[in-house]
Every structure is written in C-alpha cells, then in structure tokens.
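Asker: Take this structure, written in structure tokens, and hold onto it; I'll ask about it next.
The values are calculated or read from the model by the stated rules, or taken from the named source; none is laboratory data. For clarity, every value in this text was computed on a predicted model and none was experimentally measured. Backbone-built Cβ (ideal geometry, glycine too); neighbour counts: all protein chains shown.
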C-alpha cells in the first residue's frame, strides 16, 4: 500500500467515525448509552377531561409500577401530538391542569407513565374544548381497561361534551413529548459517500474486496433503527429506507463495475 493509499484509508476511517451531521450525532449519543430501565407494567386510564375558560383538567387512574413520573401529550387532531408537558408529577399523581389553551379549539389528550428513561404505553384519548359555557355529561366506556390495574374498574367519571365557543387565538407552543423527526436521508447520503470511497480504495488496496462493501449498508440500516426507535416513520425516506438503501447500493456497484471494466479494457 502506497503513501496515498494509506492516507485515503485513514481518511475513510476518520470519516466513518467522526464526520457525521450534527443532527445525527446528538440523537445517536442519547441512544448509544442505552436504557436498562423497565417500562411501566400498565398504561394509566384517562377518565376525565373537563374544559374551563382556557384550560383543561385531566384526571386519570395510576399505572402499575415501576414508574417515576407522568407526562401529558395533546394536539388538535386525533392522530398527531403537537404539544406536551414532559413531567407533570411523580408516582401518586392522578390529575393535571393544562393551561394557556386556545378557546374554541378542540384538543385531544392522553397520558403516559415513564420509568426513568423507559416510557410506557399511552392511555386512552379524551377530547375537550376550552371556552365551553355549558355541557352535557357522558360516561366513558372503561370496560376495555379492566385489566390495567389488575382488578375490575366500576367507577365512572363525567366528561363534558363540547359546545364550541370561538374566541381570540393565543397559540402556546410547548415542548413535544416524543420524537417527531425521522433521520433518514442524512444516513442515505453518508452511506453513498462511504460506498464511493470504499470502492475507490478497493481499486488501490488489495485486501479491500468489493464483496465486503455490503457491511456499509448493513451498518447504516442498524443505525437507522437505533436512532429512530421512538420516531414516526411516515416520511417517504423513512418508510422506504431499506428499498432506497438497496437502490443506492446497486447503482454504485453497477457504476463501479462499468468503470472497472473500462479501465481493464484500456490496459
């Protein structure tokens, strides 16, 4: 191996370990530590969501141990979490007032128990609309949650049905309670660069066989799942990460073989 080959080989190693986007390094640092805590044995049951002028009072039954605290997540649609209160109280907490809400806007709420670094499952979801002047009470169906606390739940809690009253908006943006951005295209770009560098070095360094290049997409695929463990995979590059990986790998391999063939033909 000549001096130039050694320099390139060292460069690719340094690139592999250190030259990644800052957005990746921050997320990966959290996941690399790992979490050994056990998740809570059950989810809390959200039994009441009572709307006031610009707030909603949530009441729930406790989740089973182990748990250290609860978080509240909510949004303006049934499927999307927009806002969150990451720590609303420790073990024994069964209520929380979510304040500074927009009047006349319907919110969907759910609660989650967390044990250290390990979150449990979300509770059921209830909706409420701040600014309701009056409402009709209704009884939520809790029969599906009988096994949550290890015993039958017979108590019922009134929940106000919404009568929406529009009011001036005062949007409050709070910290989200879960990962919302999937890291995908950054990994695909890094993978493509590493593959190109690898095949370039394979022409100059005898022990670097082209077949070993499969380790690069394999490592990136594992890294993808480690980083995006708690993320939604609805984005195109996240949903089809594996097919995109295969496509990038095949294109680079085909180009590499064509270039190699032309080089051998010239000789």
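Asker: One residue is enough: does region 28-38 have a residue meeting the conditions at pLDDT 60 or above, over 30 Å from residue 219 (Cα atoms) and touching a strand residue (DSSP E or B) at 6+ places or on another chain (Cβ under 8 Å)?
Answerer: no
Asker: Continuing with this model, one more query. In region 201-212, which residue that is in a helix (DSSP H, G or I) and modelled with pLDDT under 85 is surrounded by the fewest Cβ atoms within 10 Å (Cβ to Cβ)?
Answerer: The extreme case among them is 211.
Asker: Which of the residues belonging to region 222-242 are in a helix (DSSP H, G or I) and either touching a helix residue (DSSP H, G or I) at 6+ places or on another chain (Cβ under 6 Å) or closer than 15 Å to residue 252 by Cβ (or both)?
Answerer: 224, 226, 227, 237, 241, listed by residue number.
Asker: Go through (1) under 36 Å from the mean Cα position of the chain (by Cα); (2) more than 30 Å from residue 119 (Cβ to Cβ) one by one and return the number of the condition residue 222 breaks.
Answerer: (2)
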